[in-house]
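What follows is a short report on a single structure.
Values in this text are rule-based calculations from the coordinates and carry no lab data. The structure presented is a predicted model; accordingly, all values stated were derived computationally and were not measured. Note that each Cβ is placed from the backbone with ideal geometry, even for glycine, and that neighbours are counted across all protein chains shown.
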Amino acid sequence: MAPEPVVSTVAIRTPYAARHLRIGLFGFGCVGQGLHGVLNRSAGLQVQVQQVVVKHRDKPRNAPAELFDYAPEAILANPAVDTVVELIDHAEEAWQIVQAALQAGKAAVTANKKMLAEHLREVVQLQEQTGSTLLYEASCAGSIPIIRNLEEYYDNDLIDLLQGILNGTCNYILSRMYDEGAEFGDVLADAQRLGFAESDPTLDVDGFDAKYKLVILTLHAFGVFLRPEQVLNVGIRGATAHDFQFAREKGFRLQLVATSQKVGDTGLATYVLPHLVPASNLLYNVSREYNGVIVRTAFAEQQFFQGKGAGGFPTASAVLADLSALTHHYRYEYKKVYQGTRLQPTHQVELPVYVRHTPDSPLLARLNLRDIQARHVSGGYAYTIGTVTLADLLPLQDELNTGESFVAVLG
Ligand SMILES: NC(=O)c1ccc[n+]([C@@H]2O[C@H](COP(=O)([O-])OP(=O)(O)OC[C@H]3O[C@@H](n4cnc5c(N)ncnc54)[C@H](OP(=O)(O)O)[C@@H]3O)[C@@H](O)[C@H]2O)c1
């Protein structure tokens, strides 16, 4: 006789009834359209888009015309909207929208890292004052669920390093220059066509975008509020064929890496710099528009996240995850901040570096480069390998971003 089927008698119930969200969406560009597509295909989420506000009246839209409006009040003063999704490309206008939404008692979701990094303290205070919730998983590392993991999974583990490739555009450009010998300008144009690049490419290629993300992640990983201007950002504009040749010959990949690391018991060093990454580093295989994040903790040791860091659908997937979290009444508790941190920003950290320079350049002396391990001069190409401190690099940030010379951390 066939055995009786086993029937579970345990009813699984969710602790809260999931909320139904009525959304007002600002922006219908790469990510806004991606979100619209994702919501249409996502079963189970109780979400309805009430209104979309955009800027230009004459642009063709691939959604019903009655959804669109051009006045912010169509969302912000609309009692039918309880959740504002802000996906525009202008940081200060985005901040006006987010403030107005939270003050009106609406929840909000944003992907705008520049706005968040520049207003991080106010973002936390405003949520406390209004009781409204702001979520922003899509602002850092695209589709990688890093902020909520830092908040929830690592809430009590002691993180000593957070390091990542956080800008998909730079990684895409560097990968193609390394693999194909492609030209910087051509690859940047391709990244813009594919929707990875910011409207202002300076934000990507000079490391500002990665820095804004690092400022946000540092708050959730270490509980430290940083102003963007406290963090060094040197981008990839200076990388030449010589530097890629050096990387290939020595078995490195050239990548733009953002780092937040504990220094001693009380210091925290944060910086965005090109790195010559060895094959033993987990970031080595992160290529094209992918992002990767390493989290190193006292107990879990090293863990690694990888996923698409840019593009309409990958970024929209993170917005979708925030909307889903809102339906379950989730909000960031800023646990590391309230646990009380003793960490203070420091620039006293030593970095082994490759410096490409003109043969008689005063740069090496100005960098205070020491512990020289190698020098090379042939024709117009010269490099020196040695050690600098972050404090020595900071005053030269603007000069290094002009692309005349090039510095990359070894490791
Ligand atoms: N693209 C990515 O891969 C990516 C990845 C992560 C995060 N993000 C972030 O996501 C956000 C959106 O990026 P995106 O690439 O989707 O930008 P985008 O393609 O340039 O689209 C911007 C959209 O915002 C609208 N807009 C601009 N100013 C507005 C205003 N004052 N009021 C209402 N609408 C306004 C534009 O309207 P019109 O259509 O009328 O011009 C457009 O629809 C940015 O914060 C970006 O940093 C993007």
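Relative to the dominant Cα principal axis of the chain, helix 208-222 is inclined by about 70°.
In the chain, helices alone account for a calculated mean residue ellipticity at 222 nm of -9000 deg cm²/dmol, with every DSSP H run of four or more residues adding -39,500 (n - 2.57).
Suppose we flag chymotrypsin sites (Phe, Trp or Tyr not before Pro) only when DSSP calls them loop and at most 13 other Cβ atoms lie within 10 Å. Which is the longest uninterrupted stretch of the chain? Within the chain, the longest run free of exposed chymotrypsin sites (Phe, Trp or Tyr not before Pro) spans 71-298. Compared with the dominant Cα axis of the chain, that is its longest principal axis, helix 91-103 is turned about 30°. By the compact-protein rule of thumb, 2.2 N^0.38 Å, the alpha-carbon radius of gyration of the chain corresponds to a ratio of 1.06.
Its relative contact order, with pairs defined as Cα atoms under 8 Å and 6+ residues apart, puts the stretch 264-402 at 20 percent.
Hey, if you put +1 on the Cβ of every Lys and Arg and -1 on every Asp and Glu Cβ in the chain, which of Gln125, Ala182, Ala221 ends up farthest toward the positive end of that dipole? Result: Ala221.
Rg and Dmax over the alpha-carbon atoms of the stretch 27-102 stand at 12.3, 34 Å. Taking each of Lys262/Lys308; Lys250/Lys308; Lys55/Lys114; Lys113/Lys308; Lys211/Lys262; Lys59/Lys308 in turn, the alpha-carbon distance tops 24 angstrom for Lys262/Lys308; Lys250/Lys308; Lys59/Lys308. Relative to the first principal axis of the alpha-carbon coordinates of the chain, what is the inclination of helix 184-193, with its axis defined by its Cα atoms, in degrees from 0 to 90 and to the nearest 10? For 184-193 against the chain, the angle is about 0 degrees.
Rounded to the nearest 20, the size of the Cβ-charge dipole of the chain about its Cα centre is 520 debye, with Lys and Arg at +1 and Asp and Glu at -1.
Farthest toward the positive end of the dipole of the stretch 250-358, out of Tyr334, Pro274, Thr358, is the Cα of Thr358, where the dipole comes from beta carbon charges about the Cα centre. Over all other residues within a Cβ to Cβ distance under 9 Å of Pro314, the charged ones net out to 0, with Lys and Arg as +1 and Asp and Glu as -1. When the charge dipole of the chain is built from unit charges on Cβ atoms (+1 for Lys and Arg, -1 for Asp and Glu) and taken about the Cα centre, the candidate among Leu256, Ser42, Phe305 whose Cα reaches farthest toward its positive end is Ser42. Once you order the gyration tensor axes a ≥ b ≥ c over the Cα atoms, which shape class does the stretch 231-327 get: rounded for a/c under 1.5, otherwise prolate or oblate by comparing a/b with b/c? Oblate is the answer for the stretch 231-327, as a/c is 1.5 or above yet b/c matches or exceeds a/b.
Across the stretch 114-121, coupling constants 3J(HN,Hα) worked out from phi with the 6.51/-1.76/1.60 Karplus curve, θ = phi - 60°, read 4, 4, 5, 4, 7, 10, 4, 4 Hz, and Gly and Pro carry x.
Here the dipole of the stretch 363-411 is about 200 debye; that uses its Cα centre as origin and unit charges on the Cβ of Lys and Arg (positive) and Asp and Glu (negative). Quick one: net charge of Leu76's neighbours, Cβ under 13 Å, K/R +1, D/E -1? Result for the local shell: -4.
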